[in-house]
Amino acid sequence: MNKALPLTALAAALACHLASAQDAAQPPKAEPSMQKVLDAQKALNPKPIETLTPEEARLQPTPADGVKKVLADMKKSTAPEPGVTVKDLNMPAAGGGTIPLHVYVPEGKGPFPVMMYYHGGGFVIADTKVYDASPRALAKMAKAIMVSVDYRRAPEHKFPAAPEDAYAAYLYTLQHAKEWGGDPQRVAVGGESAGGNLATVVSLMARDKKAQMPVHQLLVYPVVDNDMNRPSYQQNANAKPLNKPMMAWFFKHYGADPKSPYALPLKNAQLQGLPPATVIAAEIDPLRDEGKAYADKLQQAGVKVDYKLYSGVTHEFFGMGAVVPKAKDAEQYAADALKKAFEGKH
């Protein structure tokens, strides 16, 4: 009997080790409305982005498609929220050609404050259509014009094409805001994920080039570093809809200079003199910890920062206000911060 004990203990220890290894690979549990969106996207059979070419990856079902499926399953309208009109324009691109801009104008009488909004997608996939719900919601809630830009994507246009387009779109917006019913003195920048990177990088560029500074930067789970050893990367290595292998794939295709402040501002940038910031983070997100670290670094540089972490939700939850109550809350939190900034009450 006694001889068998060590084996039993060994088996128990092995089982325990395997269970803890499995736990480490299991991201935190999503709350029910968020899980519904994840399940809906999964039902559309997306292939793992990191196994695809960029062209193939751009054709995969997105979290926004998941939201539409949830709405359709609930027999609710999938039409964009009313109360905002959208003008599609083109601005000249550096080196010829044009870049599409989309101007979201709320109901009411201007001049409205303005926010330059940058979509996510790891600098490689997605576009303004995929992220339409966010600027639309913010235009309505903040009573502000939102300007969304289809900046050039990698790998066809590697770094620094995206930040150069983002900055050019910001300058173009300052020049043309009045024509759109906007106030060129009250212009903020914001974005999600890769777009959060572009928003803070545009603020850095405006400071460095001595241009008009944005009045505020709204950074929703921004990509600001390439350190994949943070606890949130370990905890959410297999999370949906964003995981560690996808981030490695995005960085590979983006081809950024790892020493540039305009690529990895957390690692490389001096942040003094940047506009006040609102940073929003999601619990089930590899980028969670770098968002907090960036908020802390901004604060240490003397920048006023409001930071909020939403539990039980994943990367991409922002803009899902139609079906995820915490997303609606985050959109309202962002809109309230923008309203304060536009009124000069940072």
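Before moving on, here are some points about what is shown:
- When the stretch 53-81 is filtered for residues that are closer than 18 Å to A239 by Cβ, outside any helix (DSSP H, G or I) and not hydroxyl-bearing (S, T, Y), the ones remaining, listed by number, are Q60, P61.
- Flag for A40 being within 13 Å of K240 (Cα to Cα) and modelled with pLDDT of 95 or more: yes
- Under the condition of being surrounded by 19 or more Cβ atoms within 10 Å (Cβ to Cβ), among the aliphatic types (A, V, I, L, M) and not in a strand (DSSP E or B), the residues counted in the stretch 293-311 number 3.
- All conditions in (1) over 22 Å from A322 (Cβ atoms); (2) surrounded by fewer than 16 Cβ atoms within 10 Å (Cβ to Cβ); (3) charged (D, E, K, R) hold for R153, with the sole exception of (2).
- Any chance A334 is hydrophobic (A, V, I, L, M, F, W, C) and in a loop (DSSP other than H, G, I, E, B): no
- Residue list for the stretch 312-327, filter: in contact (Cβ under 8 Å) with a residue 24 or more places away in the chain, surrounded by 15 or more Cβ atoms within 10 Å (Cβ to Cβ) and in a helix (DSSP H, G or I): K326
Yes/no per residue for (1) part of a strand (DSSP E or B); (2) under 19 Å from Y310 (Cβ atoms); (3) among the aromatic types (F, W, Y); (4) modelled with pLDDT of 95 or more:
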site	(1), (2), (3), (4)
G191	yes, yes, no, yes
N197	no, no, no, yes
N229	no, no, no, yes
Q234	no, no, no, yes
A237	no, no, no, yes
F250	no, no, yes, yes
P258	no, no, no, yes
K267	no, no, no, yes
G273	no, no, no, yes
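- Taken as a whole, the structure leaves P275 outside the set of residues that are within 15 Å of the chain's Cα centre (by Cα) and surrounded by 20 or more Cβ atoms within 10 Å (Cβ to Cβ).
The values are calculated or read from the model by the stated rules, or taken from the named source; none is laboratory data. On a predicted model such as this, the values are computed, not experimentally measured, just so you know. Counting neighbours? That spans all protein chains shown, and the Cβs are built from the backbone with ideal geometry, glycine included.
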